[in-house]
């Protein structure tokens, strides 16, 4: 058979309605798989933006070994105020923080990196504190909300001259 006849038969086969229907269904199936994969990958953001999707994501997560949590957006979280004062008549220091969410969505509560410095500016102690360590049982900050955190630190005889507080997600 001549080559132009073979090419014409092959082209006619692809134009057959059953082939077109099968390819269309395959495209729809692949698109739905891609959407589902993206929804699972961005599950925290999807659940926060569209709360109606959260039960579906929670149903699917055990199958894929994941969990639905509040999203982690460290750029939306800031320390509004902080203070470290010595309690009179003791070796205890009181650390107070107000962590603020500047986003319109709930975000996961960050961890706090506390570094204490001596009068020469050298780091004398450093510790990572969770919200639970600071008396807050919340795992998330509400939209445009804030959380007041407080902890008592026992440093013994050491005197603190300064401190730094940084927020991060472990």
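Just a few scattered comments:
- Per-residue [θ]222 nm for the chain (sum of -39500 (n - 2.57) over DSSP H runs n ≥ 4, rounded to 500): -10500 deg cm²/dmol
- Separation between Cα centres of the range 91-166 and the range 1-28, rounded to whole Å: 66
- Along its first, second and third principal axes, ordered by size, the range 18-96 spans 87, 24, 18 Å in Cα coordinates.
- Here the Debye sum runs over all C-alpha atoms of the range 74-168 as equal scatterers in vacuum, and log10 of I(q)/I(0) at q = 0.25 Å⁻¹ comes out as -1.29.
- Looking at the chain, the pairs of alpha carbons with a distance over 24 Å make up 58% of the total.
- Relative contact order of the chain, defined on C-alpha pairs under 8 angstrom at six or more residues apart (%): 20
Laboratory data are not the source of any read-out in this text; all were calculated from the coordinates shown. Please read these numbers as outputs of a predicted model, since none were measured by experiment.
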